[in-house]
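Visitor: Take a look at this one; I'll ask things after.
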Amino acid sequence: MVTVRINGSEFQVQKNLTILEACTHAGIRIPTLCFMQDVARNASCGVCLVEVKGARSLVRSCTACVYEGMEIVTNSARIRDARKTNVELLLANHPKDCLTCLRNQNCELQTIAAELGVMESRFVQTKKRVPLDTTSPSLVRDPNKCILCGRCIAVCSNVQTVHAISDSQRGIKTRISTYMEKGLGNVACTNCGQCALVCPTAAIVERDDTDAVFEELMDPEKIVIVQTAPAIRVGIGEAMGMAPGSLVTGQMVAGLRRLGFKRVFDTQFAADLTIMEEGHELIHRLTNKGALPMITSCSPGWIKFAEHFFPDALPHLSTCKSPQQMFGAIAKTYYAAKMEYDPRNIVVVSVMPCTAKKYEARRPEMMGAFEHWKEKRAWSDQDAFYDVDYVLTTRELARMFKESGIQFASLPVEEFDNPLGESTGAAVIFGASGGVMEAALRTAYEVVTGKTLADLNFTSVRGMEGIKEAEVDMNGKKLKVAVAHSLGNARRLLEQIQAGQSPYAFIEIMTCPGGCLGGGGQPIPTTWDVRKKRAESIYAEDMGKPIRKSHENPQVAALYRELLKNPLGELSHHLLHTSYEKRGVFVWNTNGSRTKNLTHAK
Amino acid sequence: MDGTEVVSRELQQIDAVISKHKGHHGELLSILEETQLLSEQQFLSEEALNHVALRTGVPLSRIYSVVTFYSFFNLKPQGKHKITVCRGTACHTKGSKALLDDLGLMLGCETALEGGDAFYTTPDNQFTISTVACFGQCALAPVVAIDGVIHSNVTSGTLQKLLARVSRRRVKA
Ligand code: SF4
Ligand code: SF4
Ligand code: SF4
Ligand code: FES
């Protein structure tokens with residue numbers, strides 16, 4: 001402990017704390033901009049300045065540490081002036097188009113300018129405007145709005161170990177770049193959107209599809225249906241101004257009906273279906289000497305990560321499509337036939353916590369339903385359609401609600417439509433890290449042993465630990481399983497597999513910290529505290545469900561009875577399973593042709 | 001010898017450079033520096049950078065960060081002769097923009113130099129024209145460097161003579 005004086009009062013604080021941390025403990029607020037807890041401290045903005053007695057200049061409190069006897073002042077005319085000047089320097093080169101900006105009213109630069117009382121922008125623009133990066137199907141980058149806080153690089157490199165972006169040039173030309181300015185869509189980027197989640201401004205945002213969806217909703221020829229991922233019901237309330245983690249399943253359904261969707265369905269139906277397929281795939285691999293450990297395949301950022309960085313490990317990936325894609329394929333085959341709809345007129349909109357899902361929906365192999373009908377109906381390639389037409393993130397759905405004047409908090413509680421709206425507790429927990437594992441274990445255990453589980457809660461795979469382990473006894477056979485979230489942790493498990501030292505039979509991997517509830521499309525800010533609140537709501541929803549095991553979902557059972565017959569059967573193979581591409585850390589030539597695949601040595 | 005062999009020979013040379021520096025302090029910088037010197041036109045091609053990334057395991061974005069930070073590295077082929085026009089404040093007031101425009105006319109590349117902040121190599125690879133923010137020779141403004149030699153108080157006329165001297169090629173008046 002050390003003793004410091006802050007604004008004239010004495011405080012005992014731990015040593016090794018930064019001034020910012022010490023002040024926070026002492027209940028004194030210091031404004032910050034570039035600093036982000038657990039993510040980055042680049043000390044680039046100069047907003048957190050304080051006076052330290054004896055120091056020649058003002059001190060950046062986010063990086064400077066306290067020492068015995070330190071005397072700190074956090075508020076003075078000199079400090080206020082310097083903070084304002086530093087924000088003004090940022091504003092000099094910032095396109096100040098807040099009114100028409102995607103981050104309007106959810107922007108840290110805007111907030112800090114207001115909080116510090118910045119009332120003018122005295123400095124002239126010194127940087128040249130540069131073009132936007134629109135190469136990615138998931139994200140759009142506007143380097144002009146970047147304040148060079150470095151959070152995106154930190155997340156991409158340290159948390160995700162993808163290194164898709166870095167700083168380039170120097171001095172006034174410094175900017176965030178992809179390799180050779182190729183753009184996110186042309187380099188090894190997983191589309192996870194974690195960079196967008198931490199960006200304080202609109203320099204990285206989701207690709208906005210709200211206009212396109214509004215247009216479809218207006219089209220009388222189209223049957224526009226919607227599916228919502230588990231993590232939306234614990235996120236959308238927050239985006240509509242409610243407390244973090246608010247569980248709003250029923251209001252969300254009501255809101256989607258008000259927007260004009262003809263049917264409001266649940267991706268959780270497809271999550272239960274995924275467990276049926278994936279659970280049986282695991283059993284099949286275990287009994288037929290298949291590639292083990294088997295790794296889950298629900299998270300499209302993780303899939304692309306594996307394709308880029310671990311192409312030789314692809315046989316370990318479950319061949320199951322993600323729930324989003326299974327839903328699309330079933331909606332445009334089973335459901336279309338049941339309702340006698342022309343599948344070409346069905347528009348499937350997904351609401352996902354995820355930016356990578358936008359990319360996944362456009363993977364060329366995701367046309368299972370079209371392939372299914374093509375021969376039967378003698379359709380040509382001109383009739384081709386994707387299984388999922390549009391993917392909206394939680395943030396986009398919130399914008400649609402607001403634009404439509406929906407008073408979210410006062411909406412009534414409504415139920416999903418049937419049959420694709422029926423789901424179990426096992427499907428809800430897909431939204432949290434460890435949930436797919438737990439759901440799979442609930443089903444695999446009962447299928448393999450023929451016994452009923454006494455306790456459905458596999459608590460050892462829950463929580464925010466980076467890598468979690470569990471052991472399950474199945475008829476005397478011990479199964480070791482592991483769960484990882486964020487790609488840095490995934491990398492560790494993959495390296496273990498490559499070294500031939502993986503002790504596991506089954507691994508769950510989610511791209512985003514905390515799982516989907518912390519996805520790149522979720523409300524901003526998404527901090528660890530917020531993630532924990534969302535997780536609590538997810539597990540509360542599971543507890544409240546009358547059915548909590550996927551194999552007991554009556555509508556999934558009906559789907560097998562009426563169409564698919566058996567898990568892993570012929571039709572499942574075509575509609576619900578997929579294959580992967582060995583990408584390597586690929587590089588595109590400037591002329592657009594692809595050079596040979598590169599795989600990193602490390 | 002066909003093109004692919006040339007490329008693979010260059011890549012083999014890069015491999016040798018990498019093994020030479022492996023494990024040493026500042027390894028990446030030395031590797032990139034020597035790789036650039038290996039190339040005939042004194043630049044780091046995308047192939048070369050890809051290869052360095054592949055062999056060293058350094059992410060491509062990091063490599064790009066390094067090669068754009070140091071002005072020593074070139075990402076575009078360099079001409080036989082290097083002409084650098086100073087665009088600092090003093091040189092600007094003394095007409096360095098006009099000199100740049102003159103160069104454009106003489107070498108037939110007006111549009112490429114239009115912005116006043118140029119990097120251009122003539123299609124015949126004879127000249128690379130670039131600008132710097134300041135040479136630190138403001139008293140001698142305007143300043144132009146040709147193949148490393150700094151020329152002071154440059155006028156359109158002297159520029160033309162200097163160009164003719166380094167090149168046998170006819171320069172448009
Ligand atoms: S990024 Fe923030 S400050 Fe910049 S225009 Fe958008 S809302 Fe305004
Ligand atoms: S989307 Fe993910 S992988 Fe791509 S740049 Fe952003 S953080 Fe990196
Ligand atoms: S893009 Fe956003 S997160 Fe990245 S450095 Fe710029 S402002 Fe920071
Ligand atoms: S918050 Fe400390 S310098 Fe930006």
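The values are calculated or read from the model by the stated rules, or taken from the named source; none is laboratory data. Please read all numbers here as calculations on a predicted model, not as lab measurements. Note: ideal-geometry Cβ built from the backbone for every residue, glycine included; neighbour counts use all protein chains shown. Protein only, heavy atoms only, side chains kept; ligands, DNA and RNA dropped before computing areas. Shrake-Rupley method; radii C 1.70, N 1.55, O 1.52, S 1.80 Å.
Visitor: Could you please state how large a percent of the accessible area of chain B is carbon and sulfur, counting protein chains only and using a 1.4 Å probe? Don't skip to the end; give the middle numbers.
Guide: On the way: 4920 of 9050 Å².
Accessible surface attributable to carbon and sulfur in chain B totals 54 percent.
Visitor: Can you check what the Kirkwood hydrodynamic radius comes to for segment A:436-486, Cα pairs only, in Å to one decimal?
Guide: Values: mean 1/r = 0.0867 Å⁻¹.
After inverting the pairwise mean of 1/r, the radius is 11.5 Å.
Visitor: How high is the FRET efficiency between A:ASN566 and A:THR459 when r is their beta carbon distance and R₀ equals 22 Å, given to the nearest 0.05? Present the calculation step by step, with values, prior to reporting the outcome.
Guide: Values: r = 32 Å, r/R0 = 1.46.
Here the calculated transfer efficiency is 0.10.
Visitor: Continuing with this model, one more query. Mind checking Rg over Rh on segment A:50-124, alpha carbons, Kirkwood formula for Rh? List each step's numbers first, then the result.
Guide: On the way: Rg = 15.2 Å, Rh = 14.2 Å.
Reported Rg/Rh, Kirkwood definition of Rh: 1.07.
Visitor: Which residues in segment A:125-154 place their backbone N less than 19 Å from a point set 7 Å from the Cα of A:SER57 along the Cα-to-Cβ direction?
Guide: Of the residues in segment A:125-154, A:148-149 have backbone N under 19 Å from the label point off A:SER57.
Visitor: Need one number: nm distance between label points at A:ASP81 and A:LEU99, each 7 Å from Cα along Cα→Cβ, rounded to one decimal.
Guide: Those two pseudo-labels are separated by 3.4 nm.
Visitor: What value does segment A:506-549 have for Rg/Rh, both radii from Cα atoms and Rh as Kirkwood defines it?
Guide: Numbers: Rg = 12.1 Å, Rh = 11.7 Å.
Rounded to two decimals, Rg over Rh is 1.04.
Visitor: I've got another one for you. With N set to the number of residues, divide the alpha-carbon radius of gyration of segment B:3-69 by 2.2 N^0.38 Å and report two decimals.
Guide: Relative to the 2.2 N^0.38 Å estimate, segment B:3-69 comes out at 1.02.
Visitor: Right, something else. Report, to the nearest 10°, how far helix A:77-92 tilts away from the longest principal axis of the Cα atoms in chain A, using its own Cα long axis and a range of 0 to 90°.
Guide: 50
Visitor: Once R0 is set to 25 Å, what does the formula 1/(1 + (r/R0)^6) return for the Cβ-Cβ distance between B:VAL166 and B:LEU140, expressed as a FRET efficiency to the nearest 0.05? Walk me through the intermediate numbers first.
Guide: Values: r = 20 Å, r/R0 = 0.80.
Taking R0 as 25 Å, the efficiency between B:VAL166 and B:LEU140 is 0.80.
Visitor: Taking K and R as +1 and D and E as -1, what net charge do the other residues with C-beta under 11 Å from the C-beta of A:ASP387 add up to?
Guide: Numbers: positive: A:LYS321, A:LYS332, A:ARG362, A:ARG363; negative: A:GLU360, A:GLU365, A:GLU371, A:ASP389.
Neighbourhood net charge equals 0.
Visitor: Using the heavy atoms of the protein chains and a 1.4 angstrom probe, tell me the accessible area per residue for chain A in square angstrom.
Guide: Working: 23910 Å² over 602 residues.
Ligands and nucleic acids excluded, the result is 40 Å² per residue.
Visitor: Once you average over the residues of B:48-60, how many Cβ atoms of partner chains fall within 10 Å of each Cβ? Kindly include the intermediate steps, with their values, before the conclusion.
Guide: Working: counts 0, 3, 8, 1, 0, 6, 8, 3, 3, 3, 4, 14, 13.
Mean number of neighbouring Cβ atoms from other chains: 5.
Visitor: Also, I was wondering about something else. For segment A:210-576, report the translational diffusion coefficient in µm²/s to the nearest whole number, using Stokes-Einstein at 25 °C, 0.890 mPa s, and a Kirkwood Rh over Cα pairs.
Guide: Details: Rh = 20.5 Å.
After rounding, the answer is 120 µm²/s.
Visitor: Sort A:TYR445, A:TYR560, B:TYR120, A:TYR67 from largest to smallest accessible area, using a 1.4 Å probe on the heavy atoms of the protein chains.
Guide: Greatest to least solvent exposure: A:TYR67, B:TYR120, A:TYR445, A:TYR560.
Visitor: At each listed q (0.11, 0.14, 0.21 Å⁻¹), what is the log10 of I(q)/I(0) that the Debye formula gives for segment B:79-173 modelled as equal alpha-carbon point scatterers?
Guide: -0.25, -0.42, -1.00
Visitor: In segment B:60-94, which residues have a backbone nitrogen under 11 Å from the label point lying 7 Å from B:PHE119's Cα in the Cα-to-Cβ direction?
Guide: Hits in segment B:60-94 for B:PHE119 at 11 Å: B:67-78.
Visitor: Greater than 24 Å separation of Cα atoms is the criterion. Which listed pairs, A:LYS128/A:LYS304; A:LYS173/B:LYS22; A:LYS289/A:LYS480; A:LYS332/A:LYS532; A:LYS451/A:LYS480; A:LYS96/A:LYS173, meet it?
Guide: As for pairs spanning more than 24 Å Cα to Cα, those are A:LYS128/A:LYS304; A:LYS173/B:LYS22; A:LYS332/A:LYS532.
Visitor: I'd like the carbon and sulfur percentage of the solvent accessible area for chain A, probe radius 1.4 Å, heavy atoms only, ligands and nucleic acids excluded.
Guide: Details: 12050 of 23910 Å².
The nonpolar share, carbon plus sulfur, comes to 50 percent.
Visitor: Taking Cα atoms, how many degrees apart are the long axis of helix A:300-309 and the longest axis of chain A, rounded to 10 and kept between 0 and 90?
Guide: Result, in degrees: 80.
Visitor: So, one more: Can you pull the semi-axes for segment A:427-523, root of five times each eigenvalue of the Cα gyration tensor, sorted largest first, whole Å?
Guide: Numbers: eigenvalues 109, 67, 15 Å².
The answer is 23, 18, 9 Å, longest axis first.
Visitor: Would you work out the Kirkwood radius for chain B? I mean one over the mean of 1/r across all pairs of different Cα atoms, in Å. Kindly include the intermediate steps, with their values, before the conclusion.
Guide: Numbers: mean 1/r = 0.0563 Å⁻¹.
It works out to 17.8 Å.
Visitor: Report the rotationally averaged projected area of segment A:199-348 based on its alpha-carbon convex hull, in square nanometres. Numbers along the way, then the final one.
Guide: On the way: hull surface 49.0 nm².
The number I arrive at for segment A:199-348 is 12.2 nm².
Visitor: Hey, which of these cross-link pairs are over 28 Å Cα-Cα: A:LYS468/A:LYS533; A:LYS15/A:LYS53; A:LYS478/A:LYS565? Walk me through the intermediate numbers first.
Guide: Details: A:LYS468/A:LYS533 20 Å; A:LYS15/A:LYS53 18 Å; A:LYS478/A:LYS565 30 Å.
With Cα atoms farther than 28 Å apart: A:LYS478/A:LYS565.
Visitor: Which of the aspartates and glutamates could a cross-linker bridge to A:LYS374, judged by Cα under 19 Å and excluding same-chain residues fewer than eight apart?
Guide: Qualifying aspartates and glutamates at Cα under 19 Å: A:GLU340, A:ASP342, A:GLU365, A:ASP383, A:ASP387, A:ASP389, A:GLU570.
Visitor: While we're here: DSSP loop (so not H, G, I, E, B), at most 11 other Cβ within 10 Å: list which GluC sites (Glu not before Pro) in segment B:22-55 pass both filters. Mind dumping the intermediate values first?
Guide: On the way: sites: B:GLU27, B:GLU33, B:GLU34, B:GLU40, B:GLU46, B:GLU47; in loops: B:GLU40.
Filter output for segment B:22-55: B:GLU40.
Visitor: Please list A:LEU184, A:LEU456 in order of solvent-accessible area, largest first, computed with a 1.4 Å probe with all protein chains present.
Guide: Numbers: A:LEU184 5, A:LEU456 30 Å².
Correct descending sequence by accessible area is A:LEU456, A:LEU184.
Visitor: Taking segment A:360-399, which GluC sites (Glu not before Pro) meet the DSSP loop condition and have no more than 15 other C-beta atoms within 10 Å?
Guide: Working: sites: A:GLU360, A:GLU365, A:GLU371, A:GLU375, A:GLU396; in loops: A:GLU365.
Taking segment A:360-399 and a limit of 15 other Cβ atoms within 10 Å, the loop GluC sites (Glu not before Pro) found are A:GLU365.
Visitor: How high is the FRET efficiency from A:ASN288 to A:ALA384, r the C-beta distance, R0 30 Å, rounded to 0.05? Walk me through the numbers before you get to the answer.
Guide: Working: r = 35 Å, r/R0 = 1.17.
Once rounded, the FRET efficiency stands at 0.30.
Visitor: Convert 4 °C to kelvin, take the viscosity as 1.567 mPa s, use the Kirkwood radius over C-alpha pairs of segment A:147-274 as Rh, and evaluate the Stokes-Einstein diffusion coefficient in µm²/s, rounded to a whole number. List each step's numbers first, then the result.
Guide: Details: Rh = 17.7 Å.
Here the translational diffusion coefficient equals 73 µm²/s.
Visitor: To test your reading of the geometry: what angle, between 0 and 90 degrees and rounded to tens, separates the Cα axis of helix A:267-287 from the longest principal axis of chain A?
Guide: Long axis of A:267-287 versus the principal axis of chain A: about 70 degrees.
Visitor: How large is the Kirkwood hydrodynamic radius of segment A:2-91, counting all unique pairs of alpha carbons, in Å? Before the final figure, lay out the partial values.
Guide: Numbers: mean 1/r = 0.0762 Å⁻¹.
Hydrodynamic radius (Kirkwood, Cα only) of segment A:2-91 equals 13.1 Å.
Visitor: Could I ask something else about it? Rg over Rh of segment A:323-452, using C-alpha atoms and the Kirkwood radius, what does it come to?
Guide: When Rh is taken as the Kirkwood radius, the ratio is 1.03.
Visitor: To the nearest hundred square angstrom, how large is the accessible surface buried between B and A, total for both chains, probe 1.4 angstrom? Before the final figure, lay out each step's value.
Guide: Working: alone 10060 and 24900 Å², together 32950 Å².
For B against A, buried area totals roughly 2000 Å².
Visitor: Could you report the accessible area of A:ARG362 in Å², rounded to 10, computed with a 1.4 Å probe on the protein chains as they sit in the structure?
Guide: A:ARG362 has an accessible surface of roughly 90 Å² with all protein chains in place.
Visitor: Semi-axes of the protein assembly as shown's equivalent ellipsoid from the Cα gyration tensor, sqrt of 5 times each eigenvalue, largest first, rounded to whole Å?
Guide: Taking √(5λ) for each Cα gyration eigenvalue gives 51, 34, 27 Å.
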